[in-house]
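The values are calculated or read from the model by the stated rules, or taken from the named source; none is laboratory data. Source: prediction; values computed, not measured. Because the Cβ atoms are built from the backbone with ideal geometry, glycine has one as well, and the counts that use them run over all protein chains shown.
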């Protein structure tokens, strides 16, 4: 076991020396991998932040029925009775005007402006969820509620949230597709790099084959080379994405003071960050394994 670990440690150290011997080529390969990986990862982070920002809004379509400002408690109770008796309504929620004002005050960041108002401009409202969420049924129910006495406006909410959710799902699929294509590109880059390494060291490979070295022994340093190159590209991608988020948040901080609203992009979660480091390592190892397996079989000692 000790001898096996010693072989891997020596192989790892030798791979680092090889990378250091060609600093310019190694740096360019790592930068290409890092920049390529940062594109789908950055898109994924952006979509994940947009999804989190929109998560507070329900994707379920709802109808908001706004009462007249001077509606009495009796008139409000009559509307509530109608909602209870309507077979097309699954559930409803009454939002008193004072509660609506407090929610607006907490969510808008305009507390000073709201406190300066002489009276509450918001009406009492009912938020209604229908049993049938088809567009035709929702529109018909909205039109019906809008005709009720003392209901001044009925609005169909959350249709935009459904469209946003569909757009985000499309964006996530696009990010995955782009990531898959760039993963293939990473394998191809590693394949070609290792091919050149094998051809450059052809004489050395022939000699160690003559003295009885196994294919796994010959393959090991090339696998380390591909894995280290991929892992270094993952680190570069992590730095690019993290630095970009930091710069955007810095600018958003200044914008937040202007609009009195705070929104900050979240950095990569720990599992996502670990995956960003491990995935290119595995892809680099796989590309090297394919390349060495392909070209090693063509080298036979003469």
From 112, 143, grab the single residue that is in the same structural domain as residue 80 (by TED's automatic domain parsing), farther than 22 Å from residue 51 by Cα, at pLDDT below 70 and not in a loop (DSSP other than H, G, I, E, B). 112
In segment 258-273, what count of residues is obtained for those that are modelled with pLDDT of 55 or more and more than 14 Å from residue 44 (Cα to Cα)? 4
Filter segment 115-125 down to the residues that are assigned to a loop (DSSP other than H, G, I, E, B) and either at pLDDT 75 or above or within 24 Å of residue 154 (Cα to Cα) (or both) and list them by number. 119, 120, 121, 122, 123, 124
Quick check on this structure: which one of 89, 47 is farther than 18 Å from residue 232 by Cβ, modelled with pLDDT under 85 and crowded, with 17+ Cβ neighbours inside 10 Å? 47
Any residue at all in segment 195-203 that's within 29 Å of the chain's Cα centre (by Cα), in contact (Cβ under 8 Å) with a residue 40 or more places away in the chain and surrounded by fewer than 18 Cβ atoms within 10 Å (Cβ to Cβ)? no
Give the residue, chosen from 94, 66, that is surrounded by 13 or more Cβ atoms within 10 Å (Cβ to Cβ), over 30 Å from residue 276 (Cβ atoms), out of contact with any helix residue (DSSP H, G or I) (no Cβ under 8 Å at 6 or more places or on another chain) and at pLDDT 90 or above. 66
